[in-house]
Amino acid sequence: MSGRANAGQSTLRSSNSSLALERLREMLDQDLSATDRQLPTERELSETLGVGRRAVRRALEVLESEGRIWRRQGSGTYVGPAPDKSGPVIDGLSSRSNFFEVMEVRLRIEPALAQLAALRATEDDIRHLRDLTRKISEAQDADSRELWDSALHRYIAQTAGNTLFLALFNIVDKVRQDPAWHHVREMARSQESRVLYTDQHDTIVAAIERRDPAGAEAAARQHILSLHERLLAVTAGGLSHAS
């Protein structure tokens with residue numbers, strides 16, 4: 001008899017957890033825009049949903065694993081994905097890094113991104129890449145050229161279809177865009193370099209368009225190497241003038 005009772009209680013607990021999860025999903029779905037809204041306590045949810053606190057706790061664990069809620073110890077449970085704690089760390093990277101480190105990392109990830117883009121790009125992706133290269137070549141000022149240039153490199157990274165690679169690209173790009181480094185990029189601009197970089201962008205996109213991963217990788221590597229060489233030249237020149 002006791003065995004059957006225990007089995008019945010186990011089934012009830014399982015059912016309560018499923019019921020709690022279902023009702024919590026309904027609660028979250030009612031207001032999809034309520035990101036960072038604090039949920040009631042487990043005790044309050046238990047009373048509201050009509051299930052045990054253990055069932056509520058299990059359901060919350062599932063929702064947390066799905067990224068629909070996050071918890072802060074001593075504070076409570078909140079709607080939405082957990083806040084990104086890497087922001088302050090990334091914000092300080094530019095002061096601890098330099099352009100040469102940025103180029104070293106770009107040289108290792110952007111050719112790989114171009115290679116993957118050649119394997120995964122759709123026809124719409126190709127059209128958008130072509131549109132971005134056109135906007136770079138038609139830009140009338142340095143600010144606009146840099147804007148569209150950055151957009152092209154980012155779109156190639158997105159087209160690669162790898163979330164982790166894209167996250168790495170975003171970190172490097174954020175460091176690269178630090179205002180303190182704008183003057184270095186200004187120094188590296190010239191009419192000759194603009195023509196060269198435009199041709200290199202076209203070569204990268206052409207390789208992606210013909211589904212040539214090796215060609216796209218090689219073209220992206222050559223482009224980053226050209227940027228690196230130009231940076232070396234202008235910074236060495238600046239140092240020699242200052243000394």
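None of the figures in this text is laboratory data; all of them are computed from the coordinates on show. Everything numeric here is computed off the predicted structure, so don't read it as measured data. Here the Cβ positions follow ideal geometry from the backbone for every residue, glycine too, while neighbour counts run over all protein chains shown.
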What nm value, rounded to one decimal, do you get for the distance between Thr235 and Arg72 when each label is placed 7 Å out toward the C-beta? 3.8
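If packing is taken as the average count of other Cβ atoms within 10 Å, what order do 138-151, 40-53, 99-112, 207-220 fall into, highest mean first? Spell out each step's value before the answer.
Working: 138-151: 13.7, 40-53: 15.8, 99-112: 17.5, 207-220: 19.4.
Ranked by mean Cβ neighbours within 10 Å, highest first: 207-220, 99-112, 40-53, 138-151.
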How much length, in nm to one decimal, is gained on full extension between Ala82 and Glu123, taken as 0.36 nm per residue of separation minus their Cα-Cα distance? 11.3 nm
Just grab the label-to-label distance for Thr41 and Ser97, each label 7 Å out from Cα along the Cβ direction, in nm (one decimal). 4.4
Just need log10 I(q)/I(0) for the stretch 53-167 at q = 0.14, 0.20 Å⁻¹, Debye formula, equal scatterers on the alpha-carbon atoms, no solvent, rounded to two decimals. -0.84, -1.11
